[in-house]
Structures are given as structure tokens and as C-alpha cells.
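The structure appears right after this line, and notes come after that.
Readers should treat all values here as calculations from the given coordinates under stated rules, not as data from a laboratory. Just so we're clear, the structure is a prediction, and the values are computed from it rather than from any experiment. Note that we place each Cβ from the backbone using ideal geometry, even for glycine, and neighbour counts take in every protein chain shown.
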């Protein structure tokens, strides 16, 4: 894999991850309505879903390479 393309991909993914989107709006709304504990639980839920998605994508990519 080309190191330049990998660096460009990582930079694009980083920018996409820090940009406010539906996940951030969900966390802010939940935290505003339910307080800090609800906001923390919403954050943990979003992070868990991202970990599951990343794992599934990595497994799929690995299966395609074989």
C-alpha cells in the first residue's frame, strides 16, 4: 500500500470523525435532556457502535485480501 495514500486516507477519516454530525447531535441532545450521566452513556453507545463497525470493516477487508 502506498504510504502517501494511507496518510491521505487517515487524514480524511480523522476530519470526518471530528466533524460534528448526527452522533454528536445525539450525544448533546441526550446530555442536555438527561444530564451528564445520560450524555456519558450516549457517548459510550456511540463509541461502541463505531468499534463494532470498524471491526466488521476490518474483518471484511481481511476476507477480501485472502
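Quick notes on this one:
- Any hit, the stretch 16-25, residues being out of contact with any strand residue (DSSP E or B) (no Cβ under 8 Å at 6 or more places or on another chain), surrounded by 12 or more Cβ atoms within 10 Å (Cβ to Cβ), assigned to a helix (DSSP H, G or I) and without any contact (Cβ under 8 Å) to a residue 60 or more places away in the chain: yes
- Residue 6 vs. criteria without any contact (Cβ under 8 Å) to a residue 60 or more places away in the chain, over 11 Å from the mean Cα position of the chain (by Cα) and surrounded by 10 or more Cβ atoms within 10 Å (Cβ to Cβ): yes
- For the stretch 28-39, a residue qualifies if it is over 19 Å from residue 17 (Cβ atoms) and exposed (fewer than 15 other Cβ atoms within 10 Å of the Cβ), and the qualifying residues are 29, 32, 33, 34, 35, 36, 37.
- Residues of the stretch 26-58 that turn out to be assigned to a helix (DSSP H, G or I) and out of contact with any helix residue (DSSP H, G or I) (no Cβ under 7 Å at 6 or more places or on another chain), as a count: 23
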